[in-house]
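Okay, structure first, notes after.
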Amino acid sequence: GRTSSTPNRAGDSVTASAPAASNAQQQSPCCGLSFPIPQQNGVAAYTISNTLGNPELRPEAVVEMEAGLELQMLNRRLNLDVAVYDKQSYDQIFQVPSSPSTGYTSIWRNAGDLRNKGVELSLRGSAIRTRNLSWDLTTNFSRNKSDVVELAPGVSSIAIAGYSWPQVRLMEGYPYGV
């Protein structure tokens, strides 16, 4: 059979996203309360967030590289597509616990560097191809390895999901979301 390949493909990118304005403010109102709220024992109609803003936040940055190859064999009846990627994220913004003696339970910080790398494979084949019928089969495989490369000094872990227990956390040296 004849084997042909389309041109190899490769790409890289660098992107950044600015912190949300509400994350940079020193204080912000918390929503979820409806008006009018009758004053009862001095309760106000809104509350101040327990998370301290941070005007020193830096933009989050992402550097990504990807390369791939597509092979077509047996008169295009068998196709293999392979892609590998490496994505590094720097200065990720998270809510990080702070001492309650500050009047806040957390603060927004550039607190993490993350890395994802992996491979994606797709194999397609035409099992039957006639004038009146075609039967194509496809199978996929992917493998992603994520790592929390670094957390900010003094931060041992960050809760990213869950209410109390169990929780999904970021921990340096472990995969994302353990």
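The values are calculated or read from the model by the stated rules, or taken from the named source; none is laboratory data. Since we're looking at a predicted model, the values are computed, not measured. All Cβ positions, glycine included, derive from the backbone under ideal geometry; neighbour counts span all protein chains shown. Side chains are part of the model used for accessible areas, which takes the heavy atoms of the whole protein and leaves out ligands, DNA and RNA. Shrake-Rupley method; radii C 1.70, N 1.55, O 1.52, S 1.80 Å.
Between residue 160 and residue 84, the FRET efficiency estimated from the beta carbon spacing at R0 = 25 angstrom works out to 0.40. Taking label positions 7 Å along the Cα-Cβ direction at both residue 74 and residue 139, the computed distance is 1.3 nm, reported to one decimal. Take the convex hull of the alpha carbons in the range 113-159; its mean projected area over all directions comes to 5.2 nm². Its Kirkwood hydrodynamic radius, worked out from the mean inverse distance over all distinct Cα pairs, puts the range 41-178 at 19.1 Å. Atom-type composition of the exposed protein surface of the range 50-148 places 52 percent of the accessible area on carbon and sulfur (1.4 angstrom probe).
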